[in-house]
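Data first, discussion second: the structure below is written as structure tokens.
Every read-out reported here was derived from the displayed coordinates using simple, explicitly stated rules and does not represent laboratory data. Keep in mind the model is a prediction, meaning the values are calculated, not measured. Heads up, the Cβs are rebuilt from the backbone with ideal geometry, glycines too, and the neighbour counts pull from every protein chain shown.
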Amino acid sequence: MEKLPIPREEQFKGGAHGERVTARIGSLLGLAFLICFVTGLLSHLIQHPPEWFFWPSRPVWLYRLTQGAHVISGIAAIPLLLAKLWSVFPKLFERPLVKSLPHALERVSILVLSGSAFFELSSGLLNVAQNYPWNFYFPEVHYAVAWVAIGSVVVHVAVKLPIVRRALTRETVPEEQPDTKSAAQPEEQPAKKAEKKPVYGFTRRGFLRTTWIATGVAVLSTAGATVPWLKDVSGLSWKTDKGLQKLPVNRTAVAARVTRTAVDPNWRLSVVTRGGTKQFTLADLRVLPQVSADLPIACVEGWSQMASWRGISFPTLLRAVGAEPGAQVRVSSLDKTGLYGASTLPGEHTADDLTLLALELNGEVLDVDHGYPCRVIAPSRPGVLQTKWVEKLEVL
């Protein structure tokens, strides 16, 4: 078999490999990475808040917006990253491979950037699908590698900024037109035919147009999980309102092993304050003043769904046990096997009348998979912190 020759960098003459194309795609990819990093950092801080961090309870859709932007920008970055890598693909055949120590360091930094970017986008996509083919704790590793990725992006942009600036500010170069001369005119041909070298690539406009279309399709096919008015056109939207009580369920009562304890007639809610512990039966909770609120469940996977909730507001509940609204409250669940069996409500939320200990969902008593006998639903909070199957509240 004849061995195919290894292509050389100069053979890739298509417009898809020019500086201008790389700069334009790279600019959008950098923006997508920045949005993804900032919104992901916010989600991490909400779930693991340091003392200085503050997250408001209003508007109620704020976390829905930021986490939706996190997932959508991550999905948009996938075709953009592939296009960016193809635009610089000829650099793989650059000779010599290493020209100097700075050149070697630049190539290593690009390898780190590519590897961390691929890991972040692929693992994030699998998290969206709730598919975890690994043994590590996803949020922790995803968060750590995000810093490597964004650091690599900053270094890469700093090194390439003069090239990017030159590529984006210069006049547009007309695309090369194919030779229209007929091969049937021997008198116009040179006496000796020059050896033709193969040319690999697409036109600049065609490549950019394909990239924008692929990115748009990727976003539109998935964004309906977060953006309600895109639901009907998002064929790959991974969550719908066709779940129990018109709301999806991530963790069922069976998975949490609470199918018996949650429906036990001897269940009691314990509320612990400095003055002691007070217990409530489900009937006791139903006697307290009830309020209704339309609030979204917004999950870290990017999907969100608005629902109607009814229950006791936390300010009302805290006053009923002699505590002041605005105190931090630790919430514990009957779920003892999961990673999110407890959460802490900050004072901003316990002082908000829209933070509920919910007893009903969409006009019905909570289904056991949705947290029966009661659950927390608070505005502008990640779904993993909306603790289900509540058994104890501790006023801190």
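Among the trypsin sites (Lys or Arg not before Pro) found in the range 308-350, those both in a DSSP coil and sparsely packed, with 16 or fewer other Cβ atoms within 10 Å of their Cβ, are LYS336. Across the range 134-139, computed HN-Hα scalar couplings (Karplus, 6.51 cos²θ - 1.76 cosθ + 1.60, θ = phi - 60°) run 8, 9, 8, 7, 4, x Hz from first to last residue, x flagging Gly and Pro.
Among THR344, THR222, THR211, sorting on how many other beta-carbon atoms sit within 10 Å of each Cβ, with the fewest leading, yields THR344, THR211, THR222.
Taking the fewest neighbouring Cβ atoms within 10 Å as the starting point, the ordered list for THR22, THR337 is THR337, THR22.
Taking the 0 to 90 degree range and rounding to the nearest ten, how far is the long axis of helix 204-220 tilted relative to the main principal axis of the chain, both from C-alpha atoms? Approximately 10 degrees, to the nearest 10. For LEU62, neighbours were defined as the other residues whose beta-carbon sits under 13 Å from its Cβ, and their charges (Lys and Arg +1, Asp and Glu -1) total +1.
Taking every alpha-carbon pair under 8 Å whose residues sit at least 6 apart, the chain reaches a relative contact order of 20 percent. Annotation: the range 253-395 has a Kirkwood hydrodynamic radius of 14.9 angstrom, from the mean reciprocal C-alpha pair distance. Cβ crowding within 10 Å ranks ILE46, ILE25 as ILE46, ILE25, fewest other Cβ atoms first.
Each Lys or Arg adds one and each Asp or Glu takes one away; over the other residues whose Cβ falls under 13 Å from the Cβ of ALA83, this sums to +4. With θ taken as phi - 60° and the Karplus curve 6.51 cos²θ - 1.76 cosθ + 1.60 applied, the whole-hertz 3J(HN,Hα) list for the range 331-344 is 10, 10, 10, 5, 6, 9, 9, x, 7, 10, x, 8, 8, 10 Hz, x standing for glycine and proline.
The ellipsoid that matches the Cα gyration tensor of the chain has semi-axes, each √(5λ) in whole angstrom, of 57, 21, 18, with the longest given first.
Near ALA351, the amide H atoms lying under 5 Å from its own belong to GLY326; only residues 5 or more places off or on other chains count, and H is placed 1.01 Å from N. Other residues within the sphere of radius under 15 Å centred on the Cβ of THR215, judged by their own Cβ, net out at +3 (K and R +1, D and E -1).
Simple rule: put +1 on each Lys or Arg Cβ and -1 on each Asp or Glu Cβ in the chain, find the dipole, and look at THR203, LEU81, GLY326; the Cα lying farthest toward the positive end is THR203. Dividing the helix sum by the residues of the chain, where each DSSP H run of 4 or more adds -39500 (n - 2.57), gives a mean residue ellipticity at 222 nm of -13000 deg cm²/dmol.
The separation of the range 82-150 from the range 367-387, counted between C-alpha centres, amounts to 36 Å. Remark: for residue pairs LYS246/LYS392; LYS84/LYS246; LYS246/LYS336; LYS278/LYS388, the C-alpha separation exceeds 29 Å in LYS84/LYS246. With the gyration tensor restricted to C-alpha atoms of the range 59-178, the semi-axes of the equivalent ellipsoid amount to 31, 20, 15 Å, longest first. Computed from Cα atoms, the angle from the helix 19-47 axis to the main principal axis of the chain rounds to 10 degrees.
Checking every one of the chymotrypsin sites (Phe, Trp or Tyr not before Pro) in the range 99-160 against DSSP loop status and a limit of 13 other Cβ atoms within 10 Å picks out TRP134, PHE136, TYR137. Angle of helix 101-128 to the longest C-alpha principal axis of the chain, folded into 0 to 90 degrees and rounded to 10: 40°. Here the relative contact order of the range 253-395, from alpha carbon pairs under 8 Å that lie six or more residues apart, stands at 29 percent.
In the chain, excluding the sites themselves, the longest stretch lacking any of the GluC sites (Glu not before Pro) that are in a DSSP loop with at most 15 other Cβ atoms within 10 Å is 196-396. Each residue of the range 308-322 was assigned a 3J(HN,Hα) from its phi angle through the Karplus curve 6.51 cos²θ - 1.76 cosθ + 1.60 (θ = phi - 60°); the sequence is 9, 10, 9, x, 9, 5, 5, x, 5, 5, 5, 5, 5, 10, x Hz, with glycine and proline shown as x. Taking the DSSP bridge list for the range 253-395 and keeping only pairs wholly inside it, about 90 percent are antiparallel.
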